[in-house]
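Reviewing the structure listed below.
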Amino acid sequence: MQIREVLPNELGQILDLLDLFDRPRSARPSNRDLEEILLKIQESKGAILAAFIGRQAIGTCTINVCPNLSWSGRPYAIIENVMVAPTSRGKGVGTALLRFAQQYAQELGCYKIALMTGSQKASTLEFYKKAGFTADKTGFQRRFNA
């Protein structure tokens with residue numbers, strides 16, 4: 001298994017993985033829009049990461065890096081869209097992705113990395129705890145047409 005940043009021509013595979021989320025599917029951006037989205041993520045020092053077996057993406061997450069005024073101006077990172085293909089779950093793929101994302105954030109000087117999950121499954125919550133994340137904050141969100 002190899003974990004690395006996704007290339008523009010692999011974004012379709014990432015969308016296929018994201019379609020596995022238990023949510024209504026949304027329209028896919030055009031290929032041009034996908035490349036622009038990837039570029040914006042990269043311009044802010046973030047990345048779309050994926051675990052690959054050969055050329056097949058089996059897991060993914062997005063890491064967004066946010067500038068910050070506190071903590072001596074050190075940025076922080078937010079992980080979104082963690083997904084592992086059902087046939088690859090329980091094999092360490094998600095753990096390896098999160099470990100890679102944490103190292104990526106540390107190398108950029110981030111003072112923290114955070115994520116939120118909508119899952120209430122005990123197994124999902126335990127997965128994040130075993131990956132070193134703590135549930136010691138309360139998260140809030142407000143969605144706009146999503």
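The values are calculated or read from the model by the stated rules, or taken from the named source; none is laboratory data. A quick note: this is a predicted structure, and the numbers were derived from the prediction, not measured. A quick note on method: Cβ atoms are made from the backbone with ideal geometry, for glycine too, and the neighbour counts reach across all protein chains shown. Heavy atoms of the whole protein, side chains included, go into the accessibility calculation; ligands, DNA and RNA do not. Shrake-Rupley method; radii C 1.70, N 1.55, O 1.52, S 1.80 Å.
Some notes on this structure:
- Region 30-101 and region 1-27: distance between their alpha carbon centers, rounded to Å: 10
- Sorted largest first by accessible area at a 1.4 angstrom probe radius, with every protein chain in place, the residues GLU35, GLU107, GLU5 fall in the order GLU107, GLU35, GLU5.
- Residues listed by number, region 107-128, amide nitrogen under 15 Å from SER70 label point at 7 Å toward C-beta: 111-114
- Taking all protein chains together and a 1.4 Å probe, the residues ILE48, ILE37 rank ILE37, ILE48 from largest to smallest accessible area.
- Other residues within the sphere of radius under 12 Å centred on the Cβ of LEU34, judged by their own Cβ, net out at -1 (K and R +1, D and E -1).
- Taking a straight Cα-Cα cut-off under 19 Å and skipping sequence neighbours fewer than 8 places away in the same chain, the aspartates and glutamates within cross-link reach of LYS130 are GLU80.
- Dividing the mean sequence gap of close Cα pairs (under 8 Å, 6+ apart) by how many residues the chain holds gives a relative contact order of 20 percent.
- Calculated [θ] (222 nm, deg cm²/dmol) that DSSP helices of n ≥ 4 give over the chain, each run adding -39,500 (n - 2.57): -9500 deg cm²/dmol
- If the chain linking LEU18 and ALA135 were pulled fully straight, counting 0.36 nm for each residue of separation and taking away their Cα-Cα distance, it would gain 39.7 nm.
- Residue order for SER44, SER123 - accessible surface, 1.4 angstrom probe, largest first: SER123, SER44
- About its Cα centre, the dipole of the chain is roughly 380 debye, where the only charges are +1 on Lys and Arg Cβ and -1 on Asp and Glu Cβ.
- Of the DSSP H helices in the chain, those whose Cα atoms cover at least 20 Å axially and whose Kyte score averages -1.0 or more: 93-107
- Of the accessible area of the chain, computed with a 1.4 Å probe over protein heavy atoms only, carbon and sulfur atoms account for 51 percent.
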